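This report refers to the structure that appears directly beneath it.
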Amino acid sequence: MDIRLPAAVATDDERRAVDRILGPPTTGWEGGERRRVDGHVATGGHAARARRHLLLPVLHALQDDIGWISDGAVGYVCERLVVPAAEVYGVATFYGLLSVAEAPPVAIHLCDDIVCRTAGAKELFTALADTVGPEGSSDGSRTWHRSNCLGQCDAAPAAFVQAAGEGRRTVIRADLDRLAAAPTDDREPAYAVIGDPVLTARFGAADPGDLDAYRASGGYVALRRALEIGPDAVVAIVEASGLRGRGGAAFPTGRKWRAVADTEAAERLVVCNADESEPGTFKDRMLMERDPFAVVEGLTIAGHATGATKGFIYVRGEYPDAENRLVAAIEEAEAAGLLGDDVLGSGFPFHIELRRGAGAYICGEETALFESIEGFRGEPRAKPPYPTTDGLFGRPTAVNNVETLAAAVAIVAEVPGAANTKLFCVSGHVEAPGVVEAPFGVTVRELLTVAGSARPPQAVLFGGAAGRFLAPAELDVPLGYEPPSPPLGSGAVVAFGPGVDMDDVVQRIAEFFRDESCGQCVPCREGTVRQDEALRRLVAGSDERGLIDEIARVMRDASICGLGQTAAEAVTSAIALGLVGGAR
Amino acid sequence: MTDRHTVQIDGVAVVVEAGATILDACRAGGVDVPTLCYLETLTPANACRLCSVEVEGSRTLVPACSRIAEDGMVVHTGSDRVRHARRMILEFLGAAVDLTTAPELLEAMAAYGADPSRYGAGGGSPRSSAVVDNDLYVRDLDKCVLCYRCVEACGDDAQHTYAITIADRGAGARVATEFDVALPDSACVFCGNCVAVCPTGALMVRTEFDMRAAGTWHEDVQTVTRTVCGYCGVGCNLDVHVQDGAIVKVTSPFDHDVTSGNLCIKGRFGWTHVRAGVDGS
């Protein structure tokens, strides 16, 4: 490929950042010292292009070390990976955590979403505007942006801080002082249990950094059993358990594993979807932070069951603590022979690679996630073909959510109640926001009670922004995968107490989708904008219900992926329940 | 597995080769399905969703242009759901994009009863005005429907130059060069293959753009003469568009074996010398 490079040249620091991921260049063809032989022998080509999947890690390295991605840096990336400059630019501009404009070293992303904005975020915006300047401006050392949900709803308001050369950190219960200085808190997990704990059994009981503690509390019993009984039997167990995907789509996990296992492909892959970004949802983060070995073990079992020898964990970019825990867990598991060329001496080779998202809700959609790992813009693919036949790098791929994998571990280990437990994220106007583990059949009212809902909420959003507001009678419906239970979605339960401006909340949800649409298909790209506008007019007194319904229909019917297909659920449910626009 | 599949299109059985799309089946059955981002010479981008049809058993509508027809599939191309989706998509585009040089879309809007005025003035995705940064073609993002055709033609589907991409996301998504540099500073080789595939005139050759601005562009009096490009030995077919005795544009037929509609900078733009000395230029 003949690539035209930008005229600007990378600085030494920028080259160092890129080389940190790719290693130093070895020939003049990839941006290194031009040697005599380079005039005679061309290198790169397919071999260089086969490293396209390292584009996002390289862009992360530049953002992490330099604080932004310059045209000179893009030029060097082009040389190293043989990717056209326009494509690098297209990828970099897709993600919220990457900046292609010169920026100060510190970027503060302050959560502005439905939970944080009712917990003090708005006041913090004013304070930041007073000290740093308007959103997006710089005081020379810092800039700040509003952010969609950061998954810290149990400790709102939250912020995520990128500091060039210093790393990324989460700030919970944010105020100006804590934004300036607070180290990442080693906070106690906020959780509660109804019935017997399965997925949360190790929370607070076992050191999440200690492999021995994990093993002492039942860890790696499942993998040993899996290796003993063989892949087919493992898939059969998961099928029989009735386990369904806990990410939101509720696809039967056993059926997915069976489909991948049954393919003829020489190479298959498993992916752990840890890009949790659904507003009001933080269960996967807590699992990764509190029980990272369970995620690693779960992915290993999934790999063994499906015949994959490689797994990827795609972890949300705004989750540095979870990422660190996983990196450490993978290293420890490798050192202990629980990952590697010969897992536990069984002859089964399995490796895990961790990839970091860069601030795009859409990348939680499985095919967008593939595109992101492969080094492209996170735009969902058309389905069919489905991931089980044409997934990551075109290989049959089983994608499972973090909680699903943790549940699979417990199921294979025959932990009582393992198939019948679910994590819910209760936040908003409750006394003790946090994760609640409960058996299916629990009601939303019971979840709220456990979390200390003192006063009856005026509204409850269930399942995330892609979920819907519940009618009062639905608070007492036993939750499960079949009607009359409302769809579980991500398991988020957000309570809005009396006095909350619901017009504001619902408009924020519409804004969320407008902001997070990838822009690929017309129904979602234009529909989310028009829904947002029509909702604002409705709040201002105009009757836009008919138009909003029509917009909802086309988004639901004709969008490429689940984002567009569900982008109207919360808004239309709020209107139907009379939560928005006064008594209209 | 059979080599031929039978598909029901609006109640009529249509037999297609295995691997054919629903759109192929519709066309074989004489059923009209509107398309926008789809072009025979490009990979279906699946972006506009205008060709959405209803397939029994499918939760959502499916894009006819890229969904492979399966034996026994029952397809409805004119149901309420389908017509609603198409009308809304056309309305969305009509409300956000300047479609004055996209007559086919304007006709489709009329046919489906699309009313873009329902969305009020302003709003919508942010757009910008025409960029005139070279002598050969003009980019007017206000007319862009983000069909991905130009990006595909510049990249894997034809030219392999990769000068343009989709940048940003959501409502802010747009076609751009790296860091929005002017085309002459980008990787662009000015083949104009992006112009050839643009369905809305967002990309337009400079002569047409200037003549439209001056009110002198009259397609009804133009003649189109097919010839073979004389620059090299490849044998690309040219369609030479002539108005008032002067060449105003050169294109290539999409169904030509050699070009599939593509040309190089010489074939598409290297004709100004034809009139040199005649009209004083």
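The values are calculated or read from the model by the stated rules, or taken from the named source; none is laboratory data. As the structure is a prediction and not an experimental result, all values here were calculated from the model. So basically every Cβ, Gly included, is an ideal-geometry build from the backbone, and we count neighbours across all protein chains shown.
Details
- For the stretch A:239-257, taking the residues that are of a type in the set (Lys, Arg) and either buried (at least 20 other Cβ atoms within 10 Å of the Cβ) or in contact with a strand residue (DSSP E or B) (Cβ under 8 Å, 6 or more places away or on another chain) (or both), the one that is nearest to A:Gly464 (Cα to Cα) is identified as A:Arg246.
- Of the numbered criteria (1) in contact (Cβ under 8 Å) with a residue 60 or more places away in the chain; (2) away from chain A (no Cβ under 14 Å); (3) part of a loop (DSSP other than H, G, I, E, B), the one B:Thr216 fails is (1).
- B:Val138 away from chain A (no Cβ under 13 Å), outside any helix (DSSP H, G or I) and closer than 30 Å to B:Cys264 by Cα: yes
- The stretch A:279-294, residues that are of a type outside the set (D, E, K, R) and either under 30 Å from A:Asp515 (Cα atoms) or at pLDDT below 95 (or both): A:Pro279, A:Gly280, A:Thr281, A:Phe282, A:Met286, A:Leu287, A:Met288
- The listed residue being in contact with a Phe, Trp or Tyr (Cβ under 6 Å, 6 or more places away or on another chain), more than 12 Å from chain B (Cβ to nearest Cβ) and not in a helix (DSSP H, G or I), out of A:Thr43, A:Thr26: A:Thr43
- Residue within the stretch A:494-501 that is within 14 Å of chain B (Cβ to nearest Cβ) and either buried (at least 19 other Cβ atoms within 10 Å of the Cβ) or in contact (Cβ under 8 Å) with a residue 60 or more places away in the chain (or both) present: no
Yes or no, residue by residue, for (1) assigned by TED's automatic domain parsing to the domain that holds B:Asn262; (2) at pLDDT below 95; (3) over 24 Å from B:Asp115 (Cβ atoms):
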| site | (1), (2), (3) |
| --- | --- |
| B:Cys48 | no, no, no |
| B:Ser52 | no, no, no |
| B:Ala64 | no, no, yes |
| B:Ala69 | no, no, yes |
| B:Gly78 | no, no, no |
| B:Arg81 | no, no, no |
| B:Ala85 | no, no, no |
| B:Met88 | no, no, no |
| B:Val97 | no, yes, no |
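- Restricting attention to the stretch A:96-139, the residues that are in contact (Cβ under 8 Å) with a residue 60 or more places away in the chain and assigned to a loop (DSSP other than H, G, I, E, B) add up to 8.
- Annotation note: Cβ proximity below 6 Å between a residue of the stretch B:172-189 that is more than 7 Å from chain A (Cβ to nearest Cβ) and a residue that is in a helix (DSSP H, G or I) and hydroxyl-bearing (Ser, Thr, Tyr) (sequence gap 6+ or interchain) occurs for no pair.
- Of the helices (runs of 4 or more DSSP H) lying entirely inside the stretch A:520-573, those containing at least 2 residues that are hydrophobic (A, V, I, L, M, F, W, C), surrounded by 24 or more Cβ atoms within 10 Å (Cβ to Cβ) and without any contact (Cβ under 8 Å) to a residue 40 or more places away in the chain are A:522-539, A:545-558.
- Filter result for the condition that a residue is in a helix (DSSP H, G or I) and either in contact with a Gly (Cβ under 6 Å, 6 or more places away or on another chain) or surrounded by 16 or more Cβ atoms within 10 Å (Cβ to Cβ) (or both), over A:Glu431, A:Glu437, A:Glu474: A:Glu474
- The combined condition, being under 30 Å from B:Glu178 (Cβ atoms) and more than 9 Å from chain A (Cβ to nearest Cβ), is not fulfilled by B:Arg83.
- Where helices (runs of 4 or more DSSP H) fall entirely within the stretch A:261-336, those with at least 2 residues that are within 20 Å of A:Glu366 (Cβ to Cβ) and among the charged types (D, E, K, R) are at A:283-290.
- Residue in the stretch A:76-88 that is assigned to a loop (DSSP other than H, G, I, E, B), under 20 Å from A:Arg355 (Cβ atoms) and within 11 Å of chain B (Cβ to nearest Cβ) present: yes
- If you go through the stretch A:89-104 and keep only what is more than 11 Å from chain B (Cβ to nearest Cβ) and touching a Lys or Arg at 6+ places or on another chain (Cβ under 8 Å), you end up with just A:Pro104.
- Exclusive hit being more than 10 Å from chain B (Cβ to nearest Cβ) and at pLDDT 95 or above, set A:Val529, A:Val554, A:Val522, A:Val571: A:Val571
- Of residues in the stretch A:293-327 being out of contact with any helix residue (DSSP H, G or I) (no Cβ under 7 Å at 6 or more places or on another chain) and not basic (Lys, Arg), the one surrounded by the fewest Cβ atoms within 10 Å (Cβ to Cβ): A:Val327
- Residue selected from the stretch A:502-519 under the condition of a type outside the set (S, T, N, Q) and more than 14 Å from every other protein chain (Cβ to nearest Cβ), by the criterion surrounded by the most Cβ atoms within 10 Å (Cβ to Cβ): A:Ile509
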